[in-house]
Amino acid sequence: MSSQPIAVITGGASGIGKELVRLYILDHLVIALDLSQESLESLKEEFPGVIALSCDVSKLEELKTVAEKIISSYGTPTIWFNNAGIAVVESFREFDLEKFDQVLKVNINGVVYGTRVAMEKMGEEGVIVNMASVNGYIPAPYMTAYGASKHAVVGFTAGLQQELEIEKSSLRVVLVAPGFVETPIVHAADKLIQNPLFEKFRSQPETVAAEIKSGIESGKGTIFPTLNGKLMIQLNKLSPQMLAKGGRFFLSKNWKDFFKS
């Protein structure tokens, strides 16, 4: 059994998940879950102390089996990140509905199943962190599946937070909603977003991970770890129409194309 606190991070082999591994491995035993065995092998090479386990978070039985292995081999997790997620950027008219369904399964079921399993294993102690997105508050064109899934994560997590407050539970559930971050998920939009300013608008995953860790340690219930995300949330409150127009700017190659749209 580990004498260190234990951090479980789904989607831990890339993007924000990998940067959370980098941070938490300094003072936790880190267990990274990911579907890609190749990515997990690379992660172990970079962080020899990490425990890397293959798991499809959209399948409840796989998560239960992995959780049992974690408990029996290492101990009870202190913090559990439901971070795994996928995105497809495409017009809904052309969207393969099997792909649409898979986005929902990973992004919604992965969070719901991960939360249930973590709650059962952690009892009344610990922290569960659910990764949503600013897209869970603000709709975006060509990201209907991703937006639908992240709206669900926001609603699910906020409702669960209220339940735990009513029950006076000491278990914490934290909601995280990043904006644009330099990750494989945002890169999925590169074929559609041709405006070069989009790259400058993105946050870096290491900065985002640091903001998340700091927010958790300071006791926040909801964390917006990117400046671009905070700005979009505020602008959406002031003028949803203006924010939507700004989104169309990123779909344009330049100002000339923007004013034609």
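Just a few scattered comments:
- For the chain, the residue among Met119, Leu26, Leu164 whose Cα projects farthest onto the positive side of the dipole built from Cβ charges is Leu164.
- Kyte-Doolittle mean at least -1.0, axial Cα span of 15 Å or more - DSSP H helices of the chain: 60-73, 110-122, 144-166, 205-217, 227-238, 240-250
- The residues packed around Cys55, meaning those with a beta-carbon under 11 Å from its beta-carbon, carry a net charge of -1 if Lys and Arg are +1 and Asp and Glu are -1.
- Cα point-scatterer Debye curve for the stretch 6-227, base-10 log of I(q)/I(0) at q = 0.08, 0.14, 0.19 Å⁻¹: -0.26, -0.83, -1.57
- Label-point separation, Ala210 to Glu167 (7 Å along Cα→Cβ), nm: 3.6 nm
- Glu217-Lys44 FRET efficiency (beta carbon distance; Förster radius 35 Å; 0.05 resolution): 0.85
- Computed [θ] at 222 nm, deg cm²/dmol, the chain (DSSP H ≥ 4; -39,500 (n - 2.57); rounded to nearest 500): -15000 deg cm²/dmol
- Ranked by how many other Cβ atoms sit within 10 Å of their own Cβ, fewest first, the residues Asp101, Asp56, Asp34 fall in the order Asp101, Asp56, Asp34.
- Top of Ser239, Ser39, Ser133 by mean-square fluctuation, Gaussian network on the chain, Cα under 10 Å: Ser239
- The residues packed around Leu33, meaning those with a beta-carbon under 10 Å from its beta-carbon, carry a net charge of -3 if Lys and Arg are +1 and Asp and Glu are -1.
- Cα centroids of the stretch 210-227 and the stretch 67-84: 21 Å apart.
- Taking amide H atoms as placed 1.01 Å from N in the peptide plane, the amide H of Thr222 lies under 5 Å from those of Leu175, each 5 or more residues away in sequence or on another chain.
- Relative exposure of Met1, Met143, judged by other C-beta atoms within 10 Å (fewest first): Met1, Met143
- On the principal axes of its alpha-carbon atoms, the stretch 1-92 has extents of 50, 29, 21 Å, going from largest to smallest.
- By other beta-carbon atoms within 10 Å, ranking Arg93, Arg172 with the fewest at the front produces Arg93, Arg172.
- In this calculation the C-beta distance from Gln37 to Glu98 is compared with R0 = 25 Å, giving a FRET efficiency of 0.60.
- Relative contact order (%) - criterion: Cα under 8 Å, at least six apart; region: the chain: 17 percent
None of the figures in this text is laboratory data; all of them are computed from the coordinates on show. The structure presented is a predicted model; accordingly, all values stated were derived computationally and were not measured. Heads up, the Cβs are rebuilt from the backbone with ideal geometry, glycines too, and the neighbour counts pull from every protein chain shown.
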